[in-house]
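Structure, as structure tokens:
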Amino acid sequence: MTTIAYLGDDRSVPVADLGMTILDVSIAHKIPHLRECGGNARCTTCRVRVHDGIENVLPRTQLEAEVADARRWDRFTRLACQTRVSGDVTIERQVKRCEDVSRVQLEEASVAPPEERALAVLFCDIRDFTPFVDKNLAYDVVHILNRFFKAAGDAIVINNGVIYQYVGDQIVGLFGVGGDPPEKSCLATIRAGLGLLATVAALNTELSREFGITLEVGIGAHYGPLVVGMMGHPSHRQFTVVGDAMNMASRIEDANKTLGTRFLVSEVLFKQVPQAPVEVRKTQAVLKGKGGTFQLVEAIGFAAPDSALLVQSTFGVLLQHQKRFTQDLYQRLFAAAPGAKALFRGDMEIQGQMLSHMLQFLVYAMSRPETMALGLRDLGRRHDGYGVVAGYYPAFRHAFLESARAILGEEFSAPVERAWTDTIDMIIKSMLGPVTEQASAQTLGS
């Protein structure tokens with residue numbers, strides 16, 4: 001029997017049918033395997049690295065060859081949704097976490113020669129960092145910084161941004177690297193900044209309890225042209241962005257100190273999102289190293305509840321209680337739809353982990369709706385094959401919302417409930433497809 005060994009997962013599984021792709025095998029054995037486009041060779045999130053048995057890997061399909069040639073992959077990097085094997089192989093999943101998807105954007109941008117692009121840049125800096133270092137042990141400083149970078153980085157990545165670099169206590173994010181239009185990338189920047197403030201507030205609750213400290217941050221953002229590409233010595237090139245837009249974003253961030261604000265964006269950036277329901281306060285400042293006075297906008301929050309931000313800010317709590325949340329969800333699902341229980345064979349704890357993995361992918365992919373729609377439709381077809389009928393989806397919808405209410409408690413406010421309801425409805429609609437959706441529309445609305 002041919003087997004696939006997953007390096008780093010300590011699992012070796014049989015290939016039931018040599019016609020199955022590596023991605024098919026992963027799904028059949030409940031091995032979490034990212035596939036934003038649903039395995040249609042429209043993204044590279046399912047990529048694997050072949051560590052052993054390359055002679056047992058079949059040649060690339062035309063679709064995979066086009067992807068591999070464009071990204072200059074060597075023969076050991078393969079697209080799991082297109083790759084089949086004829087004998088034993090050892091592979092490693094290259095994009096194991098949803099956060100890693102941002103690396104894909106950087107890879108695609110680094111393949112092309114340096115070129116000028118219009119990007120949104122976000123700078124975030126910890127206030128009074130030097131006294132903070134002086135008052136704390138070195139290892140505590142590193143520990144706290146890593147927790148801050150995790151919280152701040154999540155806010156960037158979940159909004160389709162990429163983490164460009166860390167400079168001391170500063171994190172820099174780029175938006176639009178993947179080719180998003182200005183309005184989308186600039187709105188994502190604002191959402192990321194507001195989300196970052198919220199996640200730092202949550203982190204401060206923990207740091208206050210554990211270390212007796214809290215962090216104050218300043219955020220600045222700007223939109224403008226930058227030269228993007230691989231630069232440096234021929235023996236050591238790295239992805240780099242160069243241009244005045246970087247300096248502007250940094251200076252705008254610094255202006256928070258004199259204005260007593262926390263999140264400032266340039267007027268240039270704000271003009272890219274004229275219809276965004278963002279609550280702002282206009283101001284102006286003299287920026288270091290720049291002549292004249294600049295018009296700035298303080299981003300305070302969304303004037304109306306923003307579904308994406310509400311889902312992002314509460315999903316982390318559900319993940320923290322993943323086991324309890326999924327157990328409660330399935331209990332409610334089986335009570336409402338007893339016939340669904342027969343479809344679940346095997347370890348329910350693993351099933352719960354798979355569900356959490358899928359939901360995490362969906363939340364991260366919300367900022368890439370075109371790709372996510374492909375992935376959801378593929379997920380719907382797979383569920384059709386498992387025997388899931390349209391009538392089970394309303395039961396799942398109700399179970400999810402009630403389980404979320406139980407976990408989030410007071411955080412499950414009316415706007416949060418509406419945001420999650422809209423998100424689940426969107427997921428179900430995409431999974432069902434137009435024909436099945438019409439047949440179950442009445443049930444879904446109940």
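If you go through the stretch 54-96 and pick out every residue that is under 25 Å from the mean Cα position of the chain (by Cα), assigned to a loop (DSSP other than H, G, I, E, B) and closer than 14 Å to residue 23 by Cα, you end up with 6.
Are any of the residues in the stretch 376-399 closer than 28 Å to residue 190 by Cβ and at pLDDT below 90?
The first filter runs over the stretch 376-399 and keeps only residues closer than 28 Å to residue 190 by Cβ, leaving 376.
Applying the additional criterion that residues be at pLDDT below 90 yields 376.
Scanning the stretch 376-399, I find at least one residue that is closer than 28 Å to residue 190 by Cβ and at pLDDT below 90, so the answer is yes.
Among residues belonging to the stretch 170-184 that are in a helix (DSSP H, G or I) and touching a strand residue (DSSP E or B) at 6+ places or on another chain (Cβ under 9 Å), point out the one that is farthest from residue 320 (Cα to Cα). Result: 182.
Of all residues in the stretch 238-280, those being touching an Asp or Glu at 6+ places or on another chain (Cβ under 9 Å), aliphatic (A, V, I, L, M) and more than 12 Å from residue 299 (Cβ to Cβ) number 1.
Taking the conditions (1) in contact (Cβ under 8 Å) with a residue 12 or more places away in the chain; (2) surrounded by 17 or more Cβ atoms within 10 Å (Cβ to Cβ); (3) of a type outside the set (Ser, Thr, Tyr) in turn, residue 87 satisfies each one other than (2).
Name the single residue, out of those in the stretch 202-223 being outside any strand (DSSP E or B) and small (Gly, Ala, Ser), that is nearest to residue 280 (Cα to Cα). I'd like the intermediate steps shown before the answer.
Filtering the stretch 202-223 down to residues outside any strand (DSSP E or B) leaves 202-216.
From what's left, small (Gly, Ala, Ser): 202, 208, 212.
Details: 202: 23, 208: 29, 212: 32 Å.
Only one residue fits best here, namely 202.
Counted as qualifying within the stretch 320-425 are the helices (runs of 4 or more DSSP H) with 2 or more residues that are of a type in the set (D, E, K, R) and closer than 24 Å to residue 306 by Cβ, namely 392-408. Put simply, of 220, 212, 243, 224 the only residue that is assigned by TED's automatic domain parsing to the domain that holds residue 143, among the small types (Gly, Ala, Ser) and surrounded by fewer than 14 Cβ atoms within 10 Å (Cβ to Cβ) is 212.
Filtering the stretch 270-286 to residues that are outside any strand (DSSP E or B), in contact with a helix residue (DSSP H, G or I) (Cβ under 7 Å, 6 or more places away or on another chain) and of a type in the set (A, V, I, L, M, F, W, C) leaves 273, 276. Residue 145: crowded, with 17+ Cβ neighbours inside 10 Å, out of contact with any Pro (no Cβ under 9 Å at 6 or more places or on another chain), part of a helix (DSSP H, G or I) and modelled with pLDDT of 90 or more, yes or no? Here the answer is yes, as residue 145 does meet what is asked.
For (1) assigned to a strand (DSSP E or B); (2) within 27 Å of the chain's Cα centre (by Cα), each residue gets a yes or a no:
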{"site": "186", "(1), (2)": "no, yes"}
{"site": "191", "(1), (2)": "no, yes"}
{"site": "195", "(1), (2)": "no, yes"}
{"site": "200", "(1), (2)": "no, yes"}
{"site": "225", "(1), (2)": "yes, yes"}
{"site": "254", "(1), (2)": "no, no"}
{"site": "257", "(1), (2)": "no, no"}
{"site": "265", "(1), (2)": "yes, yes"}
{"site": "268", "(1), (2)": "no, yes"}
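Pairs linking a residue in the stretch 38-59 that is surrounded by 22 or more Cβ atoms within 10 Å (Cβ to Cβ) and at pLDDT 90 or above to a residue that is part of a loop (DSSP other than H, G, I, E, B) and among the β-branched types (Val, Ile, Thr), with Cβ atoms under 7 Å and 6 or more positions apart or on different chains, are 47/95.
With 180, 128 as the choices, which residue is of a type in the set (Asp, Glu) and either surrounded by fewer than 16 Cβ atoms within 10 Å (Cβ to Cβ) or more than 29 Å from residue 297 (Cβ to Cβ) (or both)?
Details: 180 fails: either surrounded by fewer than 16 Cβ atoms within 10 Å (Cβ to Cβ) or more than 29 Å from residue 297 (Cβ to Cβ) (or both).
Only one candidate passes the filter, namely 128.
The values are calculated or read from the model by the stated rules, or taken from the named source; none is laboratory data. These figures come from a predicted structure and were not determined experimentally. Ideal geometry is used to build each Cβ from the backbone, glycine not excepted, and the neighbour counts take in all protein chains shown.
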